[in-house]
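The values are calculated or read from the model by the stated rules, or taken from the named source; none is laboratory data. In this text, all values refer to a predicted model and were calculated from it rather than measured experimentally. Positions of Cβ are generated from backbone atoms using ideal geometry, with glycine treated the same way; all protein chains shown enter the neighbour counts.
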Amino acid sequence: MLRGFTPPYTPDGRSSLVPAPPWHYAGTVLSMACPTEPAAAARFLPQGFGRATGRIIAHVCEWQATTDGWELLDPVNAQYREFILLVEAERDGAAVNFCPMIWVDQDISLIRGWLQGWPKKLGQVWMTRSYGLDHPAAAPLRAGTRMGASLAVKDRRLAEAAVTLDGGEGQSLGFLAGPTYGLVGAPSIIGEPTAGALRLVLPGITGRVAGPMASGTAELRFFDAPRDELAALRPTGPAVAAIGNVAITVTGATDMGVVAG
């Protein structure tokens with residue numbers, strides 16, 4: 001018998017790229033919320049999802065993930081960085097988020113994302129690390145500290161951010177503040193090739209633990225690229241920023257039904 005939650009399927013199932021949830025995550029999250037053109041934001045929402053508010057949230061994250069702990073002993077399987085782009089919307093009278101695009105530098109994370117409606121692609125993500133030391137290289141989370149982040153895909157820079165901390169307490173933004181939806185497709189080349197139905201899903205996130213968040217402001221810039229559409233959601237003003245350490249657990253996802261693209 002061949003086993004495995006995802007390919008490849010083998011007698012023991014140990015070769016599967018991604019094991020079944022729960023998936024536990026801990027890491028540093030830099031969040032930046034800024035305005036964009038509402039009409040542009042609306043084009044990235046599924047039909048009937050809700051009204052675009054004209055705000056986007058970018059998260060730059062450095063994560064460590066595990067299922068039952070074994071990955072922490074082999075960190076090449078646990079650690080990765082990602083750039084998340086969310087479109088804020090009003091849905092049934094409440095503020096929610098939709099994830100139209102996201103990039104990661106780890107194949108394990110990419111497949112986990114596809115399963116829970118996070119449309120991940122591979123990219124190179126960098127962010128300034130902060131250490132709790134009084135030293136020029138430590139970037140401590142205090143007023144006046146400057147930090148940066150960037151995203152590149154296939155040798156092209158798509159985004160960069162310059163953050164200045166102000167010494168205040170940061171607020172929860174994006175997926176740390178409210179429900180965040182995504183789409184799961186069912187593409188197939190069996191018989192007639194088809195993209196399959198698009199299902200709106202809501203990942204099940206539990207066990208959130210957060211440390212202190214530092215606040216600041218950010219300049220967030222997006223750049224044109226031939227095969228990525230991030231620049232269509234260019235910021236039209238400065239961003240509110242927050243950075244800190246967060247831990248969450250993903251237990252699965254809720255199917256919200258088939259939607260039109």
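Candidates are the residues of the stretch 19-29 that are in contact with a Gly (Cβ under 9 Å, 6 or more places away or on another chain) and touching a residue at least 60 places away in the same chain (Cβ under 8 Å); the one that is nearest to Ala239 (Cα to Cα) is Val29. Restricting attention to the stretch 210-234, the residues that are in a loop (DSSP other than H, G, I, E, B) and either in contact (Cβ under 8 Å) with a residue 24 or more places away in the chain or not charged (D, E, K, R) (or both) add up to 10. Filtering Gly237, Gly257, Gly207, Gly168 for residues that are part of a strand (DSSP E or B), in contact (Cβ under 8 Å) with a residue 60 or more places away in the chain and over 15 Å from the mean Cα position of the chain (by Cα) leaves a single hit, Gly207.
Applying the criterion of being hydrophobic (A, V, I, L, M, F, W, C) and part of a strand (DSSP E or B) to the residues of the stretch 70-89, the residue that is nearest to the chain's Cα centre (by Cα) is Ile84. Residues that are surrounded by fewer than 16 Cβ atoms within 10 Å (Cβ to Cβ), in contact (Cβ under 8 Å) with a residue 60 or more places away in the chain and touching a strand residue (DSSP E or B) at 6+ places or on another chain (Cβ under 8 Å) were ranked within the stretch 141-162; the one that is farthest from Pro235 (Cα to Cα) is Arg142. Look through the stretch 171-204, keep the residues that are over 20 Å from the mean Cα position of the chain (by Cα) and in a strand (DSSP E or B), and return whichever of them is farthest from Ala260 (Cα to Cα). Checking each candidate, the answer is Ser188. Of a type in the set (Lys, Arg), farther than 24 Å from Asn245 by Cα, touching an Asp or Glu at 6+ places or on another chain (Cβ under 8 Å) and at pLDDT 95 or above: does that describe Arg51? Here the answer is yes, as Arg51 does meet what is asked.
Yes/no per residue for (1) closer than 16 Å to Ile111 by Cα; (2) modelled with pLDDT of 95 or more; (3) crowded, with 19+ Cβ neighbours inside 10 Å:
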{"position": "Leu17", "(1), (2), (3)": "yes, yes, no"}
{"position": "Ser31", "(1), (2), (3)": "no, yes, yes"}
{"position": "Cys34", "(1), (2), (3)": "no, yes, yes"}
{"position": "Glu37", "(1), (2), (3)": "no, yes, no"}
{"position": "Ala41", "(1), (2), (3)": "no, yes, yes"}
{"position": "Arg55", "(1), (2), (3)": "no, yes, yes"}
{"position": "His59", "(1), (2), (3)": "no, yes, yes"}
{"position": "Gly69", "(1), (2), (3)": "no, yes, no"}
{"position": "Glu82", "(1), (2), (3)": "yes, yes, yes"}
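Here Arg199 fits the description: under 30 Å from Ala225 (Cα atoms), out of contact with any His (no Cβ under 8 Å at 6 or more places or on another chain), surrounded by 13 or more Cβ atoms within 10 Å (Cβ to Cβ) and not aliphatic (A, V, I, L, M). Within the stretch 176-196, the set of residues being of a type in the set (A, V, I, L, M, F, W, C) and at pLDDT 95 or above comprises Leu176, Ala177, Leu183, Val184, Ile189, Ile190.
From the set of residues in the stretch 1-39 that are outside any strand (DSSP E or B) and among the aromatic types (Phe, Trp, Tyr), which is farthest from the chain's Cα centre (by Cα)? My answer is Tyr9.
Looking across Ala218, Ala231, one residue alone is closer than 21 Å to Ile56 by Cβ, among the aliphatic types (A, V, I, L, M) and surrounded by fewer than 17 Cβ atoms within 10 Å (Cβ to Cβ). It is Ala231. When residues of the stretch 90-123 are filtered for being surrounded by fewer than 17 Cβ atoms within 10 Å (Cβ to Cβ) and assigned to a strand (DSSP E or B), how many remain? So the count comes out to 5.
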